[in-house]
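To start, the structure under review is shown below, and the notes come after it.
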Amino acid sequence: MHTTEPCKRIQGLPLRLKAVLISLCLLFLGACGPGTADNRPADDAWSNDASTQRSAPSLSASIQSFLEEPMGDAQRTALERALDHGGKVSRTDYMAAWNNYRQCMVDKGYNAPPLHMVNGLVVELMHFDFSGMSDQQQMKFHQDQSACLEQESLYVASAYSDSIVNPELYVDLDVAMVDCLRRHELVPVEYTVAQYRKESKQFTDMTFDGENLTQQQSYERRRKAYSFDFSNPQVRTCVAGVNASAIADELESWRPL
């Protein structure tokens with residue numbers, strides 16, 4: 001059996017964290033207490049009818065909230081180091097955190113998880129191949145994976161990605177995505193969250209009944225639902241950090257056992 005688990009966020013924490021905490025097979029990490037969010041009114045037409053709520057007033061404040069959570073010493077040290085650099089996690093600490101997560105899973109008896117990279121960002125979305133695994137084994141796997149993520153990489157990965165794709169710390173994923181596209185001038189100034197949501201729905205709902213398309217052909221066709229250039233490297237960075245489900249068809253499967 002293959003499953004795909006997207007990443008979003010939990011209330012009070014950055015959106016990518018919500019995904020890991022809730023989405024992965026409904027067993028991830030449990031809920032976090034609500035943070036202090038900054039409700040800012042939309043100051044431009046692009047965000048009309050969308051919430052511009054922020055999970056924290058700054059990257060450093062976001063990291064300070066992360067440090068209140070239980071985690072391993074290496075991850076805590078990396079976050080504390082980031083506070084000395086304006087709340088920005090270094091590339092070295094980012095990759096070290098992911099490698100520590102992989103080793104944690106190996107130490108628990110699993111095959112090393114793949115790290116799918118897009119322009120330097122690890123895509124926090126995974127296809128699981130649970131072939132031959134019992135329900136009990138799958139349950140234990142998700143418990144082990146959530147423990148390794150929380151201990152080794154969860155908060156460092158979120159802080160690093162936020163600094164690149166969502167520095168305003170928007171809680172709404174759609175707002176974060178459009179903001180990323182606009183900041184890098186990848187869409188016209190009149191491009192709105194409403195338009196992005198419409199295109200995302202078309203991407204998700206598109207079907208090809210009666211057409212004998214390969215998965216790759218279907219994926220290429222579906223990507224045309226977006227009015228921006230999906231092959232643009234910076235677009236792919238925004239997608240990888242905010243809406244990785246849009247590139248799920250590119251990801252390799254992980255067979256844990």
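The values are calculated or read from the model by the stated rules, or taken from the named source; none is laboratory data. A quick note: this is a predicted structure, and the numbers were derived from the prediction, not measured. Cβ sites come from the backbone with ideal geometry, for glycine too, and all protein chains shown count toward neighbours. Just the protein is used for accessible areas: all its heavy atoms, side chains included, with ligands, DNA and RNA removed. Shrake-Rupley method; radii C 1.70, N 1.55, O 1.52, S 1.80 Å.
Could you check how many residues of the range 229-250 are assigned to a loop (DSSP other than H, G, I, E, B) and crowded, with 17+ Cβ neighbours inside 10 Å?
Result for the range 229-250: 2.
Give the residues of the range 103-129 that are assigned to a helix (DSSP H, G or I) and buried (at least 17 other Cβ atoms within 10 Å of the Cβ), sorted by residue number.
Cys104, Met105 - these are the residues of the range 103-129 that are assigned to a helix (DSSP H, G or I) and buried (at least 17 other Cβ atoms within 10 Å of the Cβ).
Restricting to the range 67-102, what's the tally of residues that are touching a residue at least 24 places away in the same chain (Cβ under 8 Å), closer than 23 Å to His142 by Cα and surrounded by 13 or more Cβ atoms within 10 Å (Cβ to Cβ)?
Of the residues in that region, 10 qualify.
For Val89, are the conditions met, namely being of a type in the set (A, V, I, L, M, F, W, C) and assigned to a loop (DSSP other than H, G, I, E, B)?
Criteria met by Val89.
List the residue pairs whose Cβ atoms are under 6 Å apart, where the first residue sits in the range 164-184 and is under 13 Å from Phe228 (Cβ atoms), the second is open to solvent by 30 Å² or more (accessible area, probe 1.4 Å) and at pLDDT 95 or above, and the two are 6 or more positions apart or on different chains.
Final answer for the pair search is His184/Gln234.
So the check is Cβ under 8 Å with 6+ separation or different chains; which pairs have a first residue in the range 188-217 that's at pLDDT 90 or above and a second one that's open to solvent by 80 Å² or more (accessible area, probe 1.4 Å)?
Sorted first by the residue in the range 188-217, then by its partner, the pairs are Thr192/Asn48; Val193/Asn48; Val193/Asp49; Ala194/Asn48; Ala194/Asp49; Met206/Arg221; Phe208/Arg221; Leu213/Arg221.
Quick check on the range 199-220: of everything there that is of a type in the set (Phe, Trp, Tyr) and within 25 Å of the chain's Cα centre (by Cα), which residue is farthest from Glu250 (Cα to Cα)?
The extreme case among them is Phe203.
For the range 213-228, enumerate the residues that are of a type in the set (S, T, N, Q) and open to solvent by 70 Å² or more (accessible area, probe 1.4 Å).
Thr214, Gln215, Gln216, Gln217, Ser227
Mind listing whichever residues of the range 48-82 are outside any loop (DSSP other than H, G, I, E, B) and either under 21 Å from Val171 (Cα atoms) or modelled with pLDDT under 95 (or both)?
The answer is Arg54, Leu59, Ser60, Ala61, Ser62, Ile63, Gln64, Ser65, Phe66, Leu79.
Just need a number here: residues in the range 203-212 that are open to solvent by 90 Å² or more (accessible area, probe 1.4 Å) and either part of a helix (DSSP H, G or I) or polar (S, T, N, Q) (or both).
Result for the range 203-212: 3.
Taking the condition closer than 28 Å to Ser253 by Cβ, out of contact with any Ser or Thr (no Cβ under 6 Å at 6 or more places or on another chain) and of a type outside the set (S, T, N, Q), does Tyr94 pass?
Answer is yes for this residue.
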